[in-house]
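The values are calculated or read from the model by the stated rules, or taken from the named source; none is laboratory data. Every value quoted in this text rests on a predicted model; they were computed, and no experiment measured them. Methodologically, a virtual Cβ is constructed for each residue, glycine included, from the backbone with ideal geometry; neighbour enumeration extends over all protein chains shown.
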Amino acid sequence: MADEANKWEDPIVKEVRDIREQIAAEHNHDLRALCKYLQAREQQEHRKLVIRPPRRPDVPKTARR
């Protein structure tokens, strides 16, 4: 097992995780309350939601039957 003292930590990942924990704590780690909050923020952003149709993966002809 790796020594914890030698573990490198990405500062951006740490910041994102800290913010995620802060937001979750503000909503008492209640998933419904958190989803409601995030949906309200989406509405405030006024960003256009892009939905793309599903694509079939590229499969080589040799793999087809």
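Taking the criterion of being of a type in the set (Ser, Thr, Tyr), at pLDDT below 85 and out of contact with any strand residue (DSSP E or B) (no Cβ under 6 Å at 6 or more places or on another chain), would at least one residue in region 52-64 satisfy it? Reasoning before the result, please.
In the first step, residues of region 52-64 are kept if they are of a type in the set (Ser, Thr, Tyr); the result is 62.
Subsequent filtering for residues that are at pLDDT below 85 retains 62.
Retained after the next criterion (residues that are out of contact with any strand residue (DSSP E or B) (no Cβ under 6 Å at 6 or more places or on another chain)): 62.
Within region 52-64, one or more residues are of a type in the set (Ser, Thr, Tyr), at pLDDT below 85 and out of contact with any strand residue (DSSP E or B) (no Cβ under 6 Å at 6 or more places or on another chain).
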Glu42: under 15 Å from the mean Cα position of the chain (by Cα) and either surrounded by fewer than 10 Cβ atoms within 10 Å (Cβ to Cβ) or charged (D, E, K, R) (or both), yes or no? yes
First in region 1-12 and at pLDDT below 65, second anywhere and surrounded by 10 or more Cβ atoms within 10 Å (Cβ to Cβ), Cβ under 7 Å, 6 or more apart: none
